[in-house]
Amino acid sequence: MSLRFRLTLGLIAVILLAYAFLSVVVIQHVNRVFLHEVQNRVRLDLNSARRVFDGHAKQILERLETVRDLHQTELNIQHLKDDIHNLFSSVQNKKICDLMLLVNPEGEVIFRAHQPDNTSGDYSQNPLVEQVLQTRAPATGAFLAPLDQLTVENPELAARANIQLIETPAAKPTDAVELNQGMVLGAAVPIYHQSDPNQLLAVAYGAILLNRRYDLVDAIRDEIYQEPVEGKHIGMATVFQGDVRIATNVPTVEQGRAEGTRLSEVVYQRVLENGEVFADKAFVVNDWYITAYEPIRDPSGAIIGALYVGLLETPFTQPQRVIIIFFLLMVLSSVLATLILLSLLIKRLLAPIAPIMKMAHRVIEGDLSARVGIRPKDDMGVLCEAIDLMADAVAQREAMIKQHAHQQISQSEKLASIGRLAAGVAHEINNPLTGVLTFAHLLREKPNLTGQDKDDLNVIVNETTRVREIVRGLLDFARESPSKKEPLQVNDVIMRAIKLVGANKEFRNITIQTALDAQLPLTYGDPNQLLQVVLNLCLNACEAMPSGGQLTINSEQIDDRVIVTIQDTGCGIIPDNLEKIFDPFFTTKPVGKGTGLGLSVSYGILKAHGGMLECESEFNVGTTFTLSLLLENQQELNQTNSE
Ligand code: ADP
Ligand code: MG
């Protein structure tokens, strides 16, 4: 999986998660605010419904009171009957009252406006009349009346009250198939004797049967939810008798009125059993409504039914859905936009990876001149620059190693050819020189020599000895002298060399300091030859410090090698000479003082040991020679490898 792919995937996950969370929060919030708002409104609508409901009873009461007031001055029962009759005729068409009658203080009917011929009947048990007879004050309210009682008043009323129950899902189970009571809403007013306010003459009573009386519920609906939306009423009102709809404008599936259907059991418990107000979303008949219910009580306080108002949920969920869809579309488009932006950004950010890879491949294939080249203005730019700097460093190092190797090779070649020449010449010179020296010695032994002769012979012997030393050096250099290699401790060799140098009075002003690794492992070589090397280097160092200084000799183990450094604080070597010091016969010392063979011989010896000799120097500051030798076991390994 590419970095770009993974980055994109990770960011998409983060963004989607964030947006999903945001969406859930916003949608829930919109839902809550919306529904809460609507639910509050419906809850208030229930109060309006109650006002309309109670208002109807009050309306009856007020009418009855106008009749009573007409008879404040003189009371004539016949006139009272006439007035009640007139009142009834005027309100009957307006569907304010279904029945109106006069009752004497004993509760017996004395006149029925809706049925003038029938004066039988006892109304003392009527809850409103009973209340007036007891309290002597006007009363209003709703109560349940049995069907037979209604039949006595008017068979039509009994027929209206007798509603068949309709099977309703979620309603409380019941065995009843029809209603055998009706819900009556009415008012009763006491009428007193003109001259004696304590003498009750009659009670005027008016009432309406609410069953299938749609004017009231329609009035409630119109009061609360004025205009229908698109010809359809979104608000509903219902009067329940018990849990049965007896007057409603909630439509059935067939668009009729849903009377006979029943309340859901949940609402039944809350409203009819517990007497609480229920305000929530509810499924009513065949649609979701935002509803509110409250109980209807009779004058004794018993719950006889419920008043309901509801708003169809759809018109409210519609705009809500529009808002949510709009919001989701916005989220979707911003997710898309973010993703596009992100992928562009990531592409731009990771653009340098391709050139970096290309450059790396070229370097791997050996092209050290390859560079990334580009410099984006961010961390990637810093990375590209660092990679290019690294390539520069690698190229530089490679060039240096090449140069060094080249130097070493040419040095070795030079030494090899000079060595062959020197060996030939040395052989030729060595034999006659031995002759000269032998005969000079013999001559010096002669008894009759003068002092001058003796001195001359001494010069011959000394100079010849010096020449022999040079020749011997040449032979050493040409590796003509045999070497005997054995395991040896380099520290011992160093100590022997120091002893020899320290004995030289010429170097009294020089302090010698050593830091030798006591744990230094053994190495393998010819002790005499190695002593010669160390001695050569120490002598060179001392000769470089004619007026004194410090000679420091260190030994240590680095990896598979023993490293010895010989450092002086002498005159140093100028850069031009630094390349030449290992050349045979290169010397900066006066004739007779230096042979120019010390370093080239030492170099040859170390080469023959599989070791190295290197020099670092700063003019007028000092010089450091570093010689390295293989450890004993490594040396053996080296030999077996080369055999
Ligand atoms: P020689 O000592 O006989 O001159 P070498 O081969 O030993 O020959 O040294 C060659 C030259 O290298 C010396 O003449 C001197 O110029 C230089 N040299 C060697 N060692 C040192 C040193 N420690 N300090 C300064 N110059 C040195
Ligand atoms: Mg020397």
Which residue, of Leu46, Leu99, Leu64, is farther than 21 Å from Val217 by Cα and not polar (S, T, N, Q)?
Leu64
Residues located in the range 354-375, provided they are open to solvent by 40 Å² or more (accessible area, probe 1.4 Å), in a loop (DSSP other than H, G, I, E, B) and more than 18 Å from Arg397 (Cα to Cα)
Gly373, Ile374, Arg375
So, in the range 593-620, exactly how many residues are within 14 Å of ligand 2 (Cβ to nearest atom) and of a type in the set (D, E, K, R)?
1
Under the condition of being touching a residue at least 24 places away in the same chain (Cβ under 8 Å), more than 9 Å from ligand 2 (Cβ to nearest atom) and in a loop (DSSP other than H, G, I, E, B), which residue from the range 576-592 is nearest to the chain's Cα centre (by Cα)?
Glu579
Checking the conditions here, which among Leu307, Leu312 is within 30 Å of Gln39 (Cβ to Cβ), at pLDDT 90 or above and open to solvent by less than 50 Å² (accessible area, probe 1.4 Å)?
Leu307
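Can you name every residue in the range 320-336 that is of a type outside the set (Ser, Thr, Tyr) and open to solvent by less than 50 Å² (accessible area, probe 1.4 Å)? Let's see the steps before the verdict.
Just the residues of the range 320-336 that are of a type outside the set (Ser, Thr, Tyr), to begin with: 320-332, 335-336.
Of everything in the range 320-336, those that are of a type outside the set (Ser, Thr, Tyr) and open to solvent by less than 50 Å² (accessible area, probe 1.4 Å) turn out to be Gln320, Ile324, Phe327, Val331, Val335.
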Select from the range 602-618 the residues that are among the hydrophobic types (A, V, I, L, M, F, W, C) and more than 8 Å from ligand 1 (Cβ to nearest atom) and write down the one among them that is surrounded by the most Cβ atoms within 10 Å (Cβ to Cβ).
Ile605
Given (1) within 16 Å of ligand 2 (Cβ to nearest atom); (2) on the phi < 0 side of the Ramachandran plot, identify the lone condition not met by Ala503.
(1)
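Could you look through the range 435-457, keep only residues that are in a helix (DSSP H, G or I) and open to solvent by less than 60 Å² (accessible area, probe 1.4 Å), and pick out the one that is farthest from Gln529 (Cα to Cα)? Full working, then the answer.
Residues of the range 435-457 that are in a helix (DSSP H, G or I), as a first pass: 435-445, 451-457.
Now restrict to residues that are open to solvent by less than 60 Å² (accessible area, probe 1.4 Å): 435, 437, 440, 451, 457.
Details: Gly435: 27, Leu437: 25, Ala440: 30, Gly451: 40, Leu457: 32 Å.
Among those that are in a helix (DSSP H, G or I) and open to solvent by less than 60 Å² (accessible area, probe 1.4 Å), it is Gly451.
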Considering only residues of the range 487-509 that are open to solvent by 100 Å² or more (accessible area, probe 1.4 Å) and in a loop (DSSP other than H, G, I, E, B), which is farthest from Gly549 (Cα to Cα)?
Arg508
If you go through Ile208, Ile220, Ile234, the only one that is of a type in the set (Val, Ile, Thr), under 30 Å from Gln78 (Cβ atoms) and touching a Leu at 6+ places or on another chain (Cβ under 9 Å) is Ile208
Considering only the range 517-532, how many residues are more than 14 Å from ligand 1 (Cβ to nearest atom) and open to solvent by 50 Å² or more (accessible area, probe 1.4 Å)?
4
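I'd like the residue in the range 533-559 that is surrounded by 14 or more Cβ atoms within 10 Å (Cβ to Cβ) and acidic (Asp, Glu) and, out of all such residues, is farthest from ligand 2 (Cβ to nearest atom). Don't jump to the end; show me each part of the working.
So the first thing to find is which residues in the range 533-559 are surrounded by 14 or more Cβ atoms within 10 Å (Cβ to Cβ), and the list is 533-545, 549-557.
Remaining after also requiring acidic (Asp, Glu): 543, 556.
Details: Glu543: 7, Glu556: 25 Å.
Among residues in the range 533-559 that are surrounded by 14 or more Cβ atoms within 10 Å (Cβ to Cβ) and acidic (Asp, Glu), the one farthest from ligand 2 (Cβ to nearest atom) is Glu556.
Answer yes if at least one residue in the range 174-183 is within 30 Å of Leu80 (Cα to Cα) and either of a type outside the set (Gly, Ala, Ser) or open to solvent by 20 Å² or more (accessible area, probe 1.4 Å) (or both), and no otherwise. Break it down stepwise before answering.
Of the range 174-183, the ones within 30 Å of Leu80 (Cα to Cα) are 182-183.
Imposing the further condition that a residue be either of a type outside the set (Gly, Ala, Ser) or open to solvent by 20 Å² or more (accessible area, probe 1.4 Å) (or both) reduces the set to 183.
Checked the range 174-183: at least one residue is within 30 Å of Leu80 (Cα to Cα) and either of a type outside the set (Gly, Ala, Ser) or open to solvent by 20 Å² or more (accessible area, probe 1.4 Å) (or both).
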Filter result for the condition that a residue is within 14 Å of ligand 2 (Cβ to nearest atom), in contact (Cβ under 8 Å) with a residue 12 or more places away in the chain and either over 60 Å from the mean Cα position of the chain (by Cα) or open to solvent by 40 Å² or more (accessible area, probe 1.4 Å) (or both), over Ile512, Ile566:
Ile566
Can you tell me which of (1) open to solvent by less than 50 Å² (accessible area, probe 1.4 Å); (2) in contact (Cβ under 8 Å) with a residue 40 or more places away in the chain is the one Lys281 doesn't meet?
(1)
Hits in the range 407-434 (condition: loosely packed, with under 12 Cβ neighbours inside 10 Å and modelled with pLDDT of 85 or more):
Pro432
I need a count of the residues in the range 249-278 that are touching a residue at least 40 places away in the same chain (Cβ under 8 Å) and under 18 Å from Ile224 (Cβ atoms).
3
Could you go through the range 37-60 and let me know if any residue there is outside any helix (DSSP H, G or I), closer than 30 Å to Asp196 by Cα and open to solvent by 90 Å² or more (accessible area, probe 1.4 Å).
no
Within the range 222-260, can you find the residues that are part of a helix (DSSP H, G or I) and either modelled with pLDDT of 90 or more or open to solvent by 30 Å² or more (accessible area, probe 1.4 Å) (or both)?
Asp222, Glu223
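Does Asp560 satisfy the condition of being out of contact with any Lys or Arg (no Cβ under 9 Å at 6 or more places or on another chain) and within 17 Å of Ser617 (Cβ to Cβ)?
On the way: out of contact with any Lys or Arg (no Cβ under 9 Å at 6 or more places or on another chain): yes; within 17 Å of Ser617 (Cβ to Cβ): no.
Considered against the rule, which asks whether it is out of contact with any Lys or Arg (no Cβ under 9 Å at 6 or more places or on another chain) and within 17 Å of Ser617 (Cβ to Cβ), Asp560 comes out as no.
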Just wondering, is there one or more residues in the range 571-585 that are more than 8 Å from ligand 1 (Cβ to nearest atom), aromatic (Phe, Trp, Tyr) and open to solvent by 30 Å² or more (accessible area, probe 1.4 Å)?
yes
For the structure I just gave you, tell me whether Gly598 is open to solvent by 10 Å² or more (accessible area, probe 1.4 Å) and near ligand 1 (Cβ under 10 Å from one of its atoms).
yes
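The values are calculated or read from the model by the stated rules, or taken from the named source; none is laboratory data. Everything numeric here is computed off the predicted structure, so don't read it as measured data. Here the Cβ is made from the backbone with ideal geometry for all residues, glycine too, and neighbour counts use every protein chain on show. Calculation scope for accessible area: heavy atoms of the full protein, side chains included, ligands and nucleic acids excluded. Shrake-Rupley method; radii C 1.70, N 1.55, O 1.52, S 1.80 Å.
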